[in-house]
1. If you go through the range 409-455, how many residues are open to solvent by less than 10 Å² (accessible area, probe 1.4 Å), in a loop (DSSP other than H, G, I, E, B) and over 18 Å from T143 (Cβ atoms)?
2. Does at least one position in the range 931-947 carry a residue that is touching a Phe, Trp or Tyr at 6+ places or on another chain (Cβ under 6 Å) and surrounded by 15 or more Cβ atoms within 10 Å (Cβ to Cβ)?
3. Would you point out the residue of the range 84-122, among those that are of a type in the set (K, R) and at negative phi, that is farthest from ligand 2 (Cβ to nearest atom)?
4. Going by the structure shown, is V270 at pLDDT 90 or above, open to solvent by 20 Å² or more (accessible area, probe 1.4 Å), in a loop (DSSP other than H, G, I, E, B) and under 22 Å from E238 (Cα atoms)?
5. It is to be established whether one or more residues within the range 604-613 are open to solvent by 40 Å² or more (accessible area, probe 1.4 Å), under 18 Å from R55 (Cα atoms), of a type in the set (S, T, N, Q) and assigned to a loop (DSSP other than H, G, I, E, B).
6. Give the residue that is farthest from ligand 1 (Cβ to nearest atom), with candidates limited to residues of the range 166-189 that are assigned to a strand (DSSP E or B) and crowded, with 17+ Cβ neighbours inside 10 Å.
7. Given the structure, is T197 in contact (Cβ under 8 Å) with a residue 12 or more places away in the chain, more than 20 Å from G301 (Cβ to Cβ) and of a type in the set (S, T, Y)?
8. Checking the conditions here, which among R399, R372, R378 is among the basic types (K, R), more than 16 Å from ligand 1 (Cβ to nearest atom), touching a residue at least 24 places away in the same chain (Cβ under 8 Å) and outside any helix (DSSP H, G or I)?
Amino acid sequence: MNNPSVHETKVLEFWDELDLVTKVMEKNRGKKKFSFFDGPVTANNALGVHHAWGRTYKDVVQRYKALKGYDQRFQNGFDCQGLWVEVEVEKSLNLDSKQEILDFKLDRFSDACKDRVDTYSQIQTEQSRHLGQMMDWKNSYYTHTDQNITHIWYFLKECHKRGWLYRGHHPMPWCWRCGTSLSSHEQADSYREITHTALYVKFPFRDGFLLVWTTTPWTLPANVAVAVNPEFEYAAFELNGEMLYAGSWLGDTLLKKYSVQGTFTGKKLVGEGYFYPFETDHQFPRILIAWNEVNMEEGTGLVHMATGCGLEDYLRGKELDLTILHALDESGHYIEGYQEFSGKFYAEVNLMVAQFLSRNDLLFKEEMYTHRYPVCWRCKEELVYRLVDEWFLSSEEVRPLLLEASESVVWGPPYLKKQFKNWLENMGDWCVSRKRFWGLPLPFYPCDCGHLTVLGSRDDLSSLPQELHRPWVDKVVVNCEKCGQPVKRVRDVGDCWLDAGVMSFSTLNYLGNYEYWQEWYPADFVCEMREQTRLWFYSMMYMGVTLTGRPPFKYVYSYEKVDDKDGNPLHKSGKNVIWLDEVLNDTGADVLRALYLSQSRKRNMRFDLKRVDFHVKTLKQFYNSVKFLVTYADLDAFQFDEEFRVRDNLLDKWMNVRLQQFVERADRLYSSYQFVELMTEFTEFVEELSNWYVRRSRRKFWVEDMSHEKGSAMNTLFLVLKTLAVVVAPMFPFLSEVVYQKLKNYAHGEVSVHLEKFPKPLQTTDSKLLPLMNMTREFTSLGLQLRQSMHKKVKYPLKECLLFVSEPSLYEFTGLIKEELNVERIRFLDSLDWYVKIELKPNYRLLGAKLGNRTKLLKRTLQLLSQSKMKDYALRGKKLSLDLNGEVLEVNSENFTTVFHWRAGYRGVTSPFGSLLLSEAESSDLVYEGKYREFLRYVQLERKKLNLEISELVEMRFNTPDKSFEDFLWKKESRMRSDARLSRIRKLEVNTGDVVLDTLNLEFSLFN
Ligand SMILES: [Zn+2]
Ligand SMILES: [Zn+2]
């Protein structure tokens, strides 16, 4: 337990030898199915702790279902294509642009991508195994296989048949570093607060200037028009002979110093020309246009339009048949035709434009402007908008189908349902193309005749290339379906969410084995991070509904992100990344899993290894209870009695009922995926097992022969531990296996705990036992606290304990309380009256102001108040009101403090379920009893120091000048021999003891 990773490695070897997962699958084959679809992890890097959270959930659920007898597939997935992989391979090969990749040669680049995926899928497999994830690792799916690709082609062809597929030509958010556009689902969360320089620009107009505002100065050379809102009021402003045209509302702010020369509606400006000041090849008349989207919140009411640099500008430009001006190339540089700007990087153009305007006296003002701006989800560079050709799937027809299908899905947490619906309602068309290299080859073959051929299968290729990847697949020529001319594939690859989204078909061989697919589709359970609502859950849903009309999953379990311990996001590139291997070697998998399972999935997890201590303690408690049983079970050659039923022992009876309750609750919490609550149940159960049942039963195990009592306790403890090992096996697969293997020595069992059946809770009729035992534990803990406040150590017995309690059945539990509190006897009281006097202390801070000069009257009234009235109030909960010269004052716990004065010789404590008193008196016999226990403890300690086996009998010799204590000890001789495992006890010569105990005035030695 001190270095869990050591025993976990051994357990892993054991499972491997056994081929456990195959055994588990065989055991349940043909039974009721539980279908789980794994969202593929990108096989691109080693796993961090942020990957292990979801993997833990997935494993717990599948292991639990295996214990419950469900037929499962245990298939893990690896995501193998797309930008994630390309970017890492670029880094490792020291390539920095698409051109450098082309120079490196595409076949070598694709091979390098494939190698990386091979390497990291193996590393991730190994890491996941160490986390305890039980998967059919030989049978993982990979998204770059022909099987996956051909299923996507089938899907795309289906979309094409329905008329959803089209080639769009409009500005898209574009990453100049990655050289590709991004679709809205990739981009949704990738916004940052960024400060840009915004410019107020003067475009020459009439007798003065239009005042135009922009936050993207680099787009100004691509200006084609200026938009006004036809409904707004505009004004001509004048200062020192300079005339500016802008929204009239600016007279209160930006143009306060100017005088208004006249106002008019925006409509009046529409159609007028203005002067475009840049010296580019694109000289044509620029005019003012009408646009209702122009608002008053930002800018000047005059909006600069660059139809090639923004989607909205583009769409409005299309409506009005404006020129569409291309501006940037793939790498974010200005294309030819822009004179001094051509070939310049867009960020540089920002500066050049400001300088140019300022040089020509066309810059009115510069200011810093902070806004939410999109960045690349992969490389975090700021995005630009760029006019591109991309392939889209229209969403209009499928949207209502998706909305309807998602209704039947159960979402956890439930608010996800609304988020998903919201996403579907607002999603744009799906941009499925990427201008990259290592990805799904889109099967689109446009022909000069105007026809588009879309392949639906690998078999549609005239010849099979070495691989269905670039560059190999590009060399295969296909004949146009319509005119028969040879046509070439478009160069684009696919969005990686096609790769992951098709898994519900490809991994079940939908096209090759429809029956098998039907057996496992849809999934009963999927589990991924919440952000997957607009990614994997979305693409799965899109593809599933398109091909079958049915959703691909029934239940979604989602969770939030992992942050570092201070709440900062974990970055793979940043310094705060926490690698899974390090943590596994440090704490072991079971403890790490406990950490995940006890974290609310609705909040980001702050990953802090300090928090594992709590779980380490609980798992150790469990393990130590097992070690305790094993010690005595081996001594007694114990074998579990299958016929065993608890009969008369209260503690054993309780433990059995408590076990049934735990099994029943755990089953319910597993099946409803309530893991935080499950962890709490487990922790509480282990605490009660170890700190109550085992502790209170310990003495029974010390008895030499197998008494009836000892047999009952041993069988009970065995049953509890074995059942517990099975129930928690899904959560702590390693520890439960270790425990199970130990316990198998005493009873028949399966080869592995994971081949067990989840226990069925037995019906118990003893429903009162649990609350009564809780009450007993409450009383003993109150008693122990009381002892502490009395400075009476537990080892010194007290004369008596008095209980005043409303529950008469507690009488049965007297023995437990007596032992736990170490008192000679327990008496139940009918009334507390004789043992306590009540005093009511007014809270003057609260009452003072209200009472004023009647404070004295209150004091006198209290003095005259009878004890019986106060006791009715304090002990029996009756109402008490005081009459202060006609004004009634209601006594309650806020305005009065109740002080209990206990009868001399006693101390007491009250609680909602009763009162407990302890006598302060110790009899001399009782004092010696306490001393005897202390002595015994030192003997046990000495045995430990000498490394004696628990069963080994030794001789003890002692000496004490306290004659009456010596007599007491001789009276106890036989008990002491059994308690301390001594062959005999003799007297020691004076001053020759190995251990000298000053507090006991005694010395002793052990001889073997
Ligand atoms: Zn990028
Ligand atoms: Zn053709």
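The values are calculated or read from the model by the stated rules, or taken from the named source; none is laboratory data. None of the values given here were measured: they were computed from a predicted structure. Here Cβ is always computed from backbone atoms with ideal geometry, including for glycine, and neighbour counts include all displayed protein chains. Please note that ligands, DNA and RNA were not included when accessible areas were found on the heavy atoms of the full protein model with its side chains. Shrake-Rupley method; radii C 1.70, N 1.55, O 1.52, S 1.80 Å.
1. Count: 4.
2. Of the range 931-947, the ones touching a Phe, Trp or Tyr at 6+ places or on another chain (Cβ under 6 Å) are none.
No: zero hits.
3. Among them, the one singled out is K91.
4. So V270 fits the description; yes.
5. Scanning the range 604-613 turns up at least one residue that is open to solvent by 40 Å² or more (accessible area, probe 1.4 Å), under 18 Å from R55 (Cα atoms), of a type in the set (S, T, N, Q) and assigned to a loop (DSSP other than H, G, I, E, B).
6. H170
7. Working: in contact (Cβ under 8 Å) with a residue 12 or more places away in the chain: yes; more than 20 Å from G301 (Cβ to Cβ): yes; of a type in the set (S, T, Y): yes.
Criteria met by T197.
8. Checking each option against the conditions leaves just R372.
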